[in-house]
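To keep things clear, I will list the structure first and then write my remarks on it.
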Amino acid sequence: MTDEERASELLGPLRKDYAARLPARARDLRAAVEAAAAGGLGGEALHALTVELHRLIGSGATYGYPRVSAAARALEPCVTTFTPGRVADPADA
C-alpha cells in the first residue's frame, strides 16, 4: 500500500465525520448571520463567527471539500465589513 493510499484510508472516516457535522455548522452560521442582520450580534459573537468561517476555509480544503472552503471564503468579507443591522455584500469588501 502506498503512502497516498494509506492516507486516503485513514482520512476516509474523518471525512465522513466532517461531512456529517456540516449541516449543524451551517445552521449555526445561518443563525449567527440572521442575528447580525437583525443587529443583535455583538463583538464577541462576531469574532466567533469570523473564527468559524476561518476554520471552515481551512478544514474544507483539508478534508476534500473545496466548495465548503469557497463558500466560507465568500462569506468572510461580509463578516469583516459588518455594520450592525446590515449584512454586507461581498462586493463591498
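We did not get these values from a lab; they are worked out from the coordinates using the rules stated. Just so you know, these numbers come straight off a predicted model, no measurement behind them. Heads up, the Cβs are rebuilt from the backbone with ideal geometry, glycines too, and the neighbour counts pull from every protein chain shown.
Amide H contacts for TYR65 (H built 1.01 Å from N in the peptide plane; partners 5 or more residues away or on another chain; cut-off under 5 Å): none found.
Take the Cβ atoms of ALA48 and ALA20, set R0 to 30 Å, and the FRET efficiency comes out at 0.85.
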